[in-house]
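One structure is given here, and the rest of the page talks about it.
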Amino acid sequence: MSSYYTLMKTFPLLFCAVAALLCGCATQPTTPVATPAPVAPAPVAAPEATPPAVATPSIAEQLMQMAPDARCKQIVTTCLVAGQPLRVMLDTGATHTVFHTESAKQLQQVQWIDTSHIQFNGNAHQRPEMFIAPVLLGPGEFEPRPLLALDLSGVRSMMAEKIDGIIGMDLLNPLPFTFDFHANAFYWGTPESANLFPLMGQTDPNGRLFLIVASGEKTFPLLLDTGSSITRIAESNWTPGRGETIQAQVSDVNAAAHISTIEGKAGTLTLAPGIETEAFHPLMGGKNEPAILGVDALKGLIFVHLPPENGVLPPPEGLLSSFFIAKPTTTP
């Protein structure tokens, strides 16, 4: 994990005192007259410089801004829920959007739903709460809809800045967005010029992509998961082989934990014809652990989502996908 430092420079104030020379004149005094010694005026402190005003982005500007979390590197933005701004992570590996219960409870003008008669399926150990509210996310305006609330303390504890929620594919699917990990540019919309290659794989009913990747001669699916900072691959599929045992801190919607796990040796994955990741160290997963492609594997690449209704031709062989990948354009 990288460490971040803030370099602070202190500039001393310089005080300048100007001595005045006093000249006394006498006309042949009979008694010597003492000439007063020059007296320097008391130093006067220079006025403190007014720091330049830092413009606070308007809510409209915040809604269109994205940035990677300084610690975990997942992409975060601001959305409006029932008119209130909330900081959220964009997670292509999540089927549904979920908000931190404490943050959701502070919202005004939302309708909470009695969930005692509802059966939930998923990997959350908690029983979700539900409320109805409109959402404004980037260029998308969503009418009031049921939204989930869970205690996300485990996820929040890992982030450099705590988030209020996780945006899943139920809201991301109709929106275009670009994560340019090469230029460190993240925005709603598509790049002006990039040779996009479709990511091949199978999508589930929620729009999540199980991407077909290759490690050497081995091909296998990985869940495309921008909500994960790391990639996890079955050891039998990673051609470079296992590396060292490491200690890692992990978290999900259930809790945060310190674990002992195996890190793979450095290697690359092929994501599309002619598109390979930079060399990286995935974690080696067991049979019962999900195989996922995290943001660490997207370093140096341009990742794009185009909504299905944009008229984009599906990739061949019927492997539907609305996700694309590109290499950065090189300038000769």
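The values are calculated or read from the model by the stated rules, or taken from the named source; none is laboratory data. This one's a predicted model, so the numbers in the text were calculated from it and none came from an experiment. In this analysis, Cβ positions are derived from the backbone assuming ideal geometry, glycine residues included, and neighbour counts consider all displayed protein chains. Areas reflect the complete protein model, heavy atoms only, side chains present, ligands, DNA and RNA absent. Shrake-Rupley method; radii C 1.70, N 1.55, O 1.52, S 1.80 Å.
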- request: Take PRO85 and decide whether it is more than 23 Å from SER322 (Cβ to Cβ) and under 23 Å from the mean Cα position of the chain (by Cα).
  value: yes
query: Which condition number does GLU102 fail, the rest of (1) assigned to a helix (DSSP H, G or I); (2) buried (at least 18 other Cβ atoms within 10 Å of the Cβ) being met?
result: (2)
query: Applying the selection to the stretch 216-246, what residues are part of a loop (DSSP other than H, G, I, E, B) and charged (D, E, K, R)?
result: GLU217, ASP225
message: Condition first: open to solvent by 10 Å² or more (accessible area, probe 1.4 Å) and either of a type in the set (A, V, I, L, M) or within 15 Å of SER321 (Cβ to Cβ) (or both). Can you find one or more residues in the stretch 236-244 that meet it?
response: no
task: Considering only the stretch 181-212, state which residues are open to solvent by 20 Å² or more (accessible area, probe 1.4 Å), in a strand (DSSP E or B) and not hydrophobic (A, V, I, L, M, F, W, C).
output: TYR187, PRO198, GLN202, THR203
query: How many of the residues in the stretch 134-177 are closer than 25 Å to ASP204 by Cβ and crowded, with 21+ Cβ neighbours inside 10 Å?
result: 18
- prompt: Filter the stretch 274-297 for residues that are touching a residue at least 24 places away in the same chain (Cβ under 8 Å) and over 30 Å from ASN195 (Cβ atoms); which is surrounded by the fewest Cβ atoms within 10 Å (Cβ to Cβ)?
  reply: LYS287
